[in-house]
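Every read-out reported here was derived from the displayed coordinates using simple, explicitly stated rules and does not represent laboratory data. Only a predicted model underlies this, so the values are computations on that prediction, with no experimental measurement involved. Note: ideal-geometry Cβ built from the backbone for every residue, glycine included; neighbour counts use all protein chains shown.
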Amino acid sequence: MKKYRMKSNAPEVSILLGTYNPDISYLESSVKSIVNQTFTDWELLILDDGSDMDVARQIHKMKYLDPRIRCIRIKHHRGLAAVLNSGLKIARGRYIARMDDDDVSLPQRLQKETDFLKTHPAYGWVGCCALLFDEDGVWGKADRPQKPDEKSFLHSSPYIHPSVLFRGEVLKKNHGYNTAPACARCEDYELFMRLHAGHYRGYNLQEALFEYREDRNNLHRSFRYCLYEMLIRRKWFSRLQILSLSTVYYVYKPLFVWLMTLFAPGAAQKIRISRNVRDHLQTRAPRHE
């Protein structure tokens, strides 16, 4: 790992990484993937959302990996949306990148995303595709549309949230993340639909610059969060003018999928795998290290 001397002026990119009682080995891998970026003008804000004290101490040690890392502890657990908004208030960068505590950014992610926003002023943010991995290696690929439009939101979010780099003013002008309880676990989906409704647009680089940790066998999702997503879909599909008799199924899709995981888990898993696994990844591949 290269040593880096902190600049006195504000960095170009601020990376917001919210975490709560994480697996420390996963968190360390995520942090090191930022430290090893080819793009170097960044600060990483590790936002500890009220983790247990023994875990909090280990999180705090992450700042010693690189002088560009800042660890901020929030005493009481508030949820991801509130924590990201707290980070947004103290972020110094012109651009705001997201990162989760168990994923990995491949080395050129920030460089390519920053280059894109600098040369494409019409877009408010940029994301990318991702490799899906678990303990056994890469098992699939999550592709996303290059230029999402309103109808791209019907199936699911057309952006992989932790892979996205925003223009800071876009997030701040639109008041960041919605902290309402009904947006829990869907704060990114709600944010992107809200931004699209405000006539902002995003873009997805058509290459995998990110590794997204996801257990291919984990289908469980609580009824409460599926209900929340349904309500968010109903609200924003209407505002995006994509709600009709032909699309009403997509409003209730989260509940249908929840029922499938209870009564037909095999079928639910096949749908999930067919959506994410590409022909060239039918067998597990080694991860990038």
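If the only charges are +1 at each Lys and Arg Cβ and -1 at each Asp and Glu Cβ, what is the size of the charge dipole of the chain around the Cα centre, to the nearest 20 debye?
780 debye
Taking Cα atoms, how many degrees apart are the long axis of helix 80-90 and the longest axis of the chain, rounded to 10 and kept between 0 and 90?
Value to nearest ten degrees: 40.
Please list, by residue number, everything in the stretch 247-262 whose backbone N is under 12 Å from a paramagnetic label point 7 Å out along Cα→Cβ of residue 221.
So the set is 251-261.
Run the numbers on the chain and let me know its relative contact order in percent, using alpha-carbon pairs under 8 Å that are six or more apart.
Here the relative contact order equals 20 percent.
How large is the dipole of the stretch 8-94 about the Cα centre if only Lys and Arg carry +1 and Asp and Glu carry -1, each at its Cβ, rounded to the nearest 20 debye?
Charge dipole, the stretch 8-94, about its Cα centre: 300 debye, nearest 20.
Arranged from highest to lowest average of other beta-carbon atoms within 10 Å per residue, in what order do the peptides 50-59, 91-100, 111-120, 31-40 appear?
Going by the mean number of other Cβ atoms within 10 Å, highest first, we get 91-100, 31-40, 111-120, 50-59.
Would you please give the FRET efficiency between residue 143 and residue 75, computed as 1/(1 + (r/R0)^6) with r the Cβ-Cβ distance and R0 = 35 Å, to the nearest 0.05?
E between residue 143 and residue 75, to the nearest 0.05, is 0.30.
Starting from the amide H of residue 50, placed 1.01 Å from N in the peptide plane, find each other amide H under 5 Å away whose residue is 5 or more places distant or on another chain.
74
Given 118/173; 118/172; 89/235; 151/253, which pairs have Cα atoms separated by over 23 Å?
Violating the 23 Å limit, Cα to Cα: 89/235.
Roughly speaking, what is the stretch gain from residue 64 to residue 120, that is 0.36 nm per residue apart minus the C-alpha to C-alpha distance, in nm to one decimal?
Once the chain is fully extended between residue 64 and residue 120, it gains 16.6 nm.
Choose one answer from 123, 249, 225: the residue with the largest mean-square fluctuation in a GNM of the chain with alpha-carbon springs under 10 Å.
So, out of 123, 249, 225, the one fluctuating most is 249.
Compute the acute angle (0 to 90°) between the alpha-carbon long axis of helix 248-263 and the principal axis of greatest extent of the alpha-carbon atoms of the chain; round to the nearest 10°.
It is inclined by approximately 90 degrees.
By the gyration tensor of its Cα atoms, with a ≥ b ≥ c the square roots of the eigenvalues, what is the shape of the stretch 15-70: rounded for a/c under 1.5, prolate for a/b over b/c, or oblate?
prolate
Once you order the gyration tensor axes a ≥ b ≥ c over the Cα atoms, which shape class does the stretch 1-116 get: rounded for a/c under 1.5, otherwise prolate or oblate by comparing a/b with b/c?
prolate
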